[in-house]
Amino acid sequence: MKRLIFLGPPGAGKGTQAQTLSNTYQIPHISTGEILRQAITDRTPLGQKAKGYMDRGELVPDDLILDLIKERLTQPDSKNGWVLDGFPRNLAQASFLEQLLANLNQYPDFALNLLVPDEVLIARMLERGRKDDNEDTIRRRLQVYRDDTAPVIGFYEERGILKSVNGNRSMEAVTANLQTIIES
Ligand code: ADP
């Protein structure tokens, strides 16, 4: 049973590592970005509301995300642990999550922070070529990360569960480092 939160800038490799750990520990991988992209594909009301923000590289408003995460974490499969990827992305989301988890009597084991230099992030995102991976949007997402998301690192540091890992290495090297931490 593991409860893991991934932190780090866009392009840091959160999604890849979260998926690997999800397989290893047999726990759901909960990616708010993936849920939103699926909602856009399915043309749901959530997707229609979220699309403009995502295309611009802005955060989707909290009221859309908080309902979504509450719904997901109260599903039966989330009882056995989870790995969160892309949430929380600002301090309001971090406080909401803390309250929600306390109500569920669940406590995160680690907040795993992937460290990658900006120029590597930009190169990776341009290579990935997702719809929201053009130069203007990338620049905006990095700015939003610095302004809104980076403070979440301090939130988990204060709670004593922050672990920072060098994400500028091979996928396998990062995975091995994460597993060592999680199993310590
Ligand atoms: P990346 O890590 O490359 O930014 P994500 O898939 O995590 O990719 O997120 C893509 C987009 O989805 C974000 O730019 C944002 O618009 C939206 N999004 C995802 N998670 C959240 C969240 N927790 N709060 C607000 N917006 C979010």
Separation of region 1-59 and region 99-143 by C-alpha centroid, Å? 9
3J(HN,Hα) from dihedral phi, region 149-160, Karplus parametrisation 6.51/-1.76/1.60, rounded to Hz, x for glycine, proline: 8, 3, x, 5, 4, x, 4, 7, 4, 4, 8, x
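Report the net charge of residues surrounding Asn80, where surrounding means a beta-carbon distance below 12 angstrom and charges are Lys +1, Arg +1, Asp -1, Glu -1. Display every interim value, and only then the final one.
Working: positive: Lys2, Arg3, Lys79; negative: Asp77.
Result for the local shell: +2.
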Ordering of 24-37, 94-107 by burial proxy (mean other Cβ atoms within 10 Å per residue, highest first): 24-37, 94-107
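Sorted by average packing, counted as other Cβ atoms within 10 angstrom per residue and highest first, what order do 39-47, 120-128 take? Before the final figure, lay out each step's value.
Working: 39-47: 13.6, 120-128: 15.1.
My ranking of the peptides, most packed first, is 120-128, 39-47.
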Short version: ³J(HN,Hα) in whole Hz for each residue of region 125-138, in order, from phi by Karplus 6.51 cos²θ - 1.76 cosθ + 1.60 (θ = phi - 60°), x for Gly and Pro, what are they? 5, 5, 5, 5, x, 5, 4, 8, 9, 9, 4, 5, 5, 4
I want to verify a result. In a Gaussian network model of the chain, Cα cutoff 10 Å, which of these has the top mean-square fluctuation: Glu135, Glu172, Glu119? Glu119
Residues with amide H under 5 Å of Trp82's amide H, sequence separation 5 or more or different chain, H placed in the peptide plane at 1.01 Å from N; which? Lys2, Arg3, Leu4
Would you mind checking which residues have amide H under 5 Å from Gly8's amide H? H placed 1.01 Å from N; only 5 or more apart, or other chain. Leu114
Listed pairs Lys14/Lys131; Lys2/Lys163; Lys51/Lys79; Lys14/Lys51; Lys14/Lys70 exceeding 23 Å between Cα atoms: Lys51/Lys79
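Evaluate E = 1/(1 + (r/R0)^6) for Gln48 and Glu71, where r is the Cβ-Cβ distance and R0 equals 25 Å; express this FRET efficiency to the nearest 0.05.
On the way: r = 18 Å, r/R0 = 0.71.
With R0 = 25 Å, the Cβ-Cβ based efficiency is 0.90.
Normalising by the residue count of the chain, find the relative contact order in percent from Cα pairs under 8 Å and 6+ residues apart. Before the final figure, lay out the partial values.
Numbers: 247 pairs, mean separation 62.3, N = 184.
With pairs under 8 Å counted, the relative contact order is 34 percent.
I'd like the FRET efficiency for Arg169 and Arg139, computed as 1/(1 + (r/R0)^6) with the beta carbon distance as r and R0 of 22 Å, rounded to 0.05. Before the final figure, lay out each step's value.
Working: r = 25 Å, r/R0 = 1.13.
After rounding, the FRET efficiency stands at 0.35.
A short reminder: the numbers here are calculations on the coordinates, not readings from a lab. Values in this document were obtained by computation on a predicted structure and should not be read as measured data. Positions of Cβ are backbone-derived with ideal geometry, glycine not excepted, and every protein chain shown enters the neighbour counts.
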